[in-house]
């Protein structure tokens with residue numbers, strides 16, 4: 001099968017959606033499919049071999065300039081080649097073009113306005129690029145924020161267009177009025193341009209069907225998958241008890257709740273050695289948030305028991321995960337993905353998660369952890385304490401989780417399921 005798959009760059013940030021798109025492309029290539037993975041907005045950053053093309057569609061700098069200044073909507077095309085050069089985009093991605101959803105409402109609406117809006121020039125460039133490429137069997141968009149590409153691509157290629165849903169509702173809900181309602185209305189209006197939507201969890205399929213008004217027969221589920229190569233279990237017999245956090249360091253991911261729960265855990269276990277270790281991307285605008293978390297722990301007398309490791313990729317990530325006794329990412333919203341849970345469980349590390357979003361189905365399907373009441377540090381502390389108390393249970397959950405990930409969430413299984421959805425879209 002010949003697949004054109006777009007992937008949305010995240011302005012220099014490592015993001016789970018980019019990892020997923022790239023990992024699936026690697027596996028689809030290994031299975032003998034011909035897939036072109038093409039970045040949108042910015043080049044992508046991945047931890048595995050990056051198989052995306054050098055070409056960037058809808059270069060973030062071009063889009064920003066055309067949105068803000070009318071003069072850039074009509075200039076010579078040679079300037080477009082300059083703005084769209086990956087090196088130039090990378091230079092400006094972290095500064096001139098913010099990825100803060102609170103500041104991007106009007107730009108989001110402009111993008112969703114499609115060919116008839118202020119970004120008409122970018123859609124013309126998309127059609128020109130499409131005519132220069134081999135015709136694929138199927139096209140996949142990486143999220144519904146790019147749904148305005150569906151109609152033009154479908155008309156130009158006469159091929160089915162699918163759209164993956166990867167948690168963009170968090171971005172949409174954070175837009176300031178009136179942009180949130182405008183963006184939602186524009187997406188809902190273009191749902192009919194997409195042949196099949198692909199959710200990454202059962203929870204996401206249910207939520208997004210209602211949120212975007214997608215008919216049930218146009219929604220499929222392709223669960224997340226990870227490559228299991230390199231994951232190794234924790235070295236048993238180490239001293240102490242290490243609680244881990246592996247996600248973006250941001251308020252919505254709940255590190256502050258885990259810090260509060262950790263303080264309660266330390267009080268329960270007395271002088272027993274316990275540690276809290278965190279890793280993940282930290283943006284400049286969330287540094288004060290991390291400082292606040294450190295201050296909470298210091299007030300609880302635990303400043304010396306917390307370590308933030310920064311971003312960790314592949315080998316460092318595998319080392320970090322295998323050093324944990326338990327992991328928790330107590331997000332304060334209904335997370336539709338949960339990739340870090342799969343990575344922890346693949347390392348034999350049980351998780352303690354709030355009973356919400358995709359966390360529920362992942363933990364129940366794998367048997368790799370405990371579910372507790374959401375937004376409740378005391379309930380989270382109880383779950384952590386239960387595993388601190390019972391090492392045999394902790395080890396059993398770790399083994400069950402690793403087996404559950406291998407059975408339900410391998411990248412091979414995810415790629416096979418994705419091809420099934422593509423084939424069904426072609427038949428229809």
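Within the group 180, 234, which residue is over 20 Å from the mean Cα position of the chain (by Cα), under 27 Å from residue 318 (Cβ atoms), touching a residue at least 40 places away in the same chain (Cβ under 8 Å) and crowded, with 18+ Cβ neighbours inside 10 Å? Before you say what the answer is, go through the steps one by one.
On the way: 180 fails: under 27 Å from residue 318 (Cβ atoms).
Going through 180, 234 in turn, just one is over 20 Å from the mean Cα position of the chain (by Cα), under 27 Å from residue 318 (Cβ atoms), touching a residue at least 40 places away in the same chain (Cβ under 8 Å) and crowded, with 18+ Cβ neighbours inside 10 Å: 234.
In the stretch 144-159, what count of residues is obtained for those that are in a loop (DSSP other than H, G, I, E, B) and buried (at least 21 other Cβ atoms within 10 Å of the Cβ)? Walk me through it before giving the result.
If we filter the stretch 144-159 for residues that are in a loop (DSSP other than H, G, I, E, B), which is where we start, we get 158-159.
Subset that is buried (at least 21 other Cβ atoms within 10 Å of the Cβ): none.
Number satisfying all stated conditions: 0.
Considering only helices (runs of 4 or more DSSP H) fully contained in the stretch 355-428, which possess at least 2 residues that are over 30 Å from residue 273 (Cβ atoms) and within 22 Å of the chain's Cα centre (by Cα)? Give the derivation first.
Details: elements: 357-366, 377-389, 391-408, 411-427.
Answer list for the stretch 355-428: 357-366, 391-408, 411-427.
Return yes when residue 220 is modelled with pLDDT under 95 and within 21 Å of the chain's Cα centre (by Cα) and no when it is not.
Details: modelled with pLDDT under 95: no; within 21 Å of the chain's Cα centre (by Cα): yes.
Spelling it out, it is not the case that residue 220 is modelled with pLDDT under 95 and within 21 Å of the chain's Cα centre (by Cα).
Any residue at all in the stretch 414-423 that's in the same structural domain as residue 202 (by TED's automatic domain parsing), in contact (Cβ under 8 Å) with a residue 24 or more places away in the chain and more than 30 Å from residue 171 (Cα to Cα)?
Scanning the stretch 414-423, I find at least one residue that is in the same structural domain as residue 202 (by TED's automatic domain parsing), in contact (Cβ under 8 Å) with a residue 24 or more places away in the chain and more than 30 Å from residue 171 (Cα to Cα), so the answer is yes.
Is the stretch 100-110 home to any residue that is surrounded by 19 or more Cβ atoms within 10 Å (Cβ to Cβ), out of contact with any helix residue (DSSP H, G or I) (no Cβ under 7 Å at 6 or more places or on another chain), at pLDDT 90 or above and not in a helix (DSSP H, G or I)?
no
If we keep just the residues of the stretch 6-21 that are within 26 Å of residue 425 (Cβ to Cβ) and either part of a loop (DSSP other than H, G, I, E, B) or not assigned by TED's automatic domain parsing to the domain that holds residue 164 (or both), which is modelled with the highest pLDDT? Write out each step before concluding.
So in the stretch 6-21, the residues within 26 Å of residue 425 (Cβ to Cβ) come out as 6-9, 15-21.
Now drop any that are not either part of a loop (DSSP other than H, G, I, E, B) or not assigned by TED's automatic domain parsing to the domain that holds residue 164 (or both), which leaves 9, 15.
Working: 9: 82, 15: 75.
By that ranking, first place goes to 9.
Yes/no per residue for (1) modelled with pLDDT under 95; (2) touching a strand residue (DSSP E or B) at 6+ places or on another chain (Cβ under 8 Å); (3) within 24 Å of residue 399 (Cβ to Cβ); (4) outside any loop (DSSP other than H, G, I, E, B):
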site: 206; (1), (2), (3), (4): no, no, no, yes
site: 209; (1), (2), (3), (4): no, yes, no, yes
site: 224; (1), (2), (3), (4): no, no, yes, no
site: 230; (1), (2), (3), (4): yes, no, yes, no
site: 233; (1), (2), (3), (4): yes, no, yes, no
site: 256; (1), (2), (3), (4): no, no, no, yes
site: 260; (1), (2), (3), (4): no, no, no, yes
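Being over 26 Å from residue 286 (Cβ atoms), outside any loop (DSSP other than H, G, I, E, B), under 20 Å from the mean Cα position of the chain (by Cα) and at pLDDT 90 or above narrows it down to one residue among 24, 29; which is it?
24
The values are calculated or read from the model by the stated rules, or taken from the named source; none is laboratory data. Because the structure is a prediction, the values reported are computed rather than measured. Every residue, glycine as well, gets a Cβ built from its backbone with ideal geometry; the counts of neighbours run over all protein chains shown.
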